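Structure record follows, encoded as structure tokens.
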Amino acid sequence: MNEPCQHCQKKKERSEAEYKKLINRLNRISGQINGIKKMVENSAYCTDILIQVAAVNAALNSFNKELLGEHIRTCVADNIKNSNDEVIDELVKTLQKLMK
């Protein structure tokens, strides 16, 4: 379930509820992406595809908001409580990347 990322150095233990919620959201987004692929394969009208792409973008933004909120409530707060203020710089960099 919580297998470590091969590319990441830091890890985050998630509750089973949080894990399931995030995976369910990602599965729905994956389904939306597959639906868009089928639309392209079936020569769907451009605006119909664009509307579905906008829905995927909104779903990804919602996923990011959920994950970011949880990150701030747990990882960032815990690090600040433990006098690790480097996490603030990390958060600022992450927010800058998200706002591009």
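No lab work stands behind these numbers, since they all come straight from the coordinates. Since the structure is predicted, the reported quantities are computational estimates derived from the model, not experimental observations.
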Item checked: Sum of -39500 (n - 2.57) over DSSP H runs of 4+, divided by residues of the chain (222 nm, nearest 500) -> -23500 deg cm²/dmol
Note to self: Tell me the label only: which of (i) 18, 17, 12; (ii) 33, 16, 11; (iii) 29, 19, 12 is semi-axes √(5λ) of the Cα gyration tensor in Å as calculated from this structure?
What the structure shows: (ii)
Notebook entry, point to check: Along segment 89-95, what does the Karplus equation 6.51 cos²θ - 1.76 cosθ + 1.60 (θ = phi - 60°) give for ³J(HN,Hα), rounded to whole Hz, x for Gly and Pro?
Noted result: 4, 4, 5, 4, 4, 4, 4
Notebook entry, point to check: Which entries of LYS12/LYS38; LYS10/LYS38; LYS12/LYS100; LYS37/LYS65; LYS38/LYS93 show an alpha-carbon separation above 31 angstrom in the structure shown?
Noted result: LYS12/LYS38; LYS10/LYS38; LYS38/LYS93
Check: With θ set to phi - 60° and the Karplus curve 6.51 cos²θ - 1.76 cosθ + 1.60, what are the ³J(HN,Hα) couplings of segment 35-43 in order, to the nearest whole Hz, using x for Gly and Pro?
Finding: x, 5, 4, 5, 4, 5, 4, 8, 6
Item checked: Under Karplus coefficients 6.51, -1.76 and 1.60, residue-wise ³J(HN,Hα) of segment 26-32 in Hz, glycine/proline x -> 5, 5, 5, 5, 4, x, 5
Note to self: If I stretch the segment between ILE80 and VAL53 completely, what's the gain in nm (0.36 nm per residue apart, minus their alpha carbon distance), one decimal?
What the structure shows: 5.9 nm
